[in-house]
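The values are calculated or read from the model by the stated rules, or taken from the named source; none is laboratory data. As the structure is a computational prediction, the values presented were derived from the model and not from experiment. Cβ coordinates were reconstructed from backbone atoms using ideal geometry, including for glycine residues, and neighbour counts include every protein chain displayed.
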Amino acid sequence: MITPTKGISPDRSLLAVGAQISMVLSHPMTVSQAWSEFRSRREELGHRSPVSFEWFVLGLDVLYSLGALELCDGLLIRRRSDAASSQC
């Protein structure tokens, strides 16, 4: 699930989904805004394998677990690697 397998295509692995989510979080946004941007970006890039909202949320979970994302006042914020503390 986290990495590509025989049953999970590379563009649907949770690491890839997390990376795609991270790319759309250029500024703080709500989960709904991020979901909409994520779907638009995947369509623009021609990804054909579907990603459900549940899978999207798992991608958010992976990013949060890695310390690459935080939720502050209802907004998703991408954390930079050089950020030592929370931006909230």
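I'd like the full set of residues that are more than 20 Å from Gly7 (Cα to Cα) and of a type in the set (D, E, K, R), limited to segment 43-72.
Glu43, Glu44, Asp61, Glu70
Please go through segment 45-76 and pick out each residue that is under 18 Å from Met29 (Cβ atoms), over 12 Å from the mean Cα position of the chain (by Cα) and of a type in the set (D, E, K, R).
Hit for segment 45-76 is Asp73, nothing else.
Could you tell me which of the residues Ile77, Ile8 is on the phi < 0 side of the Ramachandran plot, touching a Pro at 6+ places or on another chain (Cβ under 6 Å) and not in a helix (DSSP H, G or I)?
Being on the phi < 0 side of the Ramachandran plot, touching a Pro at 6+ places or on another chain (Cβ under 6 Å) and not in a helix (DSSP H, G or I) holds for just one of Ile77, Ile8, which is Ile77.
Here is a yes/no grid of residues against (1) over 17 Å from Ala68 (Cα atoms); (2) surrounded by 10 or more Cβ atoms within 10 Å (Cβ to Cβ):
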site: Thr5; (1), (2): yes, yes
site: Ser9; (1), (2): yes, yes
site: Gln20; (1), (2): no, yes
site: Met23; (1), (2): no, yes
site: Met29; (1), (2): no, yes
site: Glu43; (1), (2): yes, yes
site: Gly46; (1), (2): yes, no
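Of (1) assigned to a loop (DSSP other than H, G, I, E, B); (2) in contact (Cβ under 8 Å) with a residue 60 or more places away in the chain, Thr3 satisfies all except one. Which?
For Thr3, the exception is condition (2).
Enumerate the pairs (first residue in segment 57-81 and exposed (fewer than 15 other Cβ atoms within 10 Å of the Cβ); second residue anywhere and at pLDDT below 95 and among the charged types (D, E, K, R)) with beta-carbon separation below 7 Å, excluding pairs fewer than 6 apart on the same chain, so at least 6 apart or on different chains.
Between residues of segment 57-81 that are exposed (fewer than 15 other Cβ atoms within 10 Å of the Cβ) and residues that are at pLDDT below 95 and among the charged types (D, E, K, R), the close pairs are Gly67/Arg79.
When segment 19-61 is examined, which residues are found to be modelled with pLDDT under 95 and in contact with a Gly (Cβ under 7 Å, 6 or more places away or on another chain)?
The answer is none; no residue qualifies.
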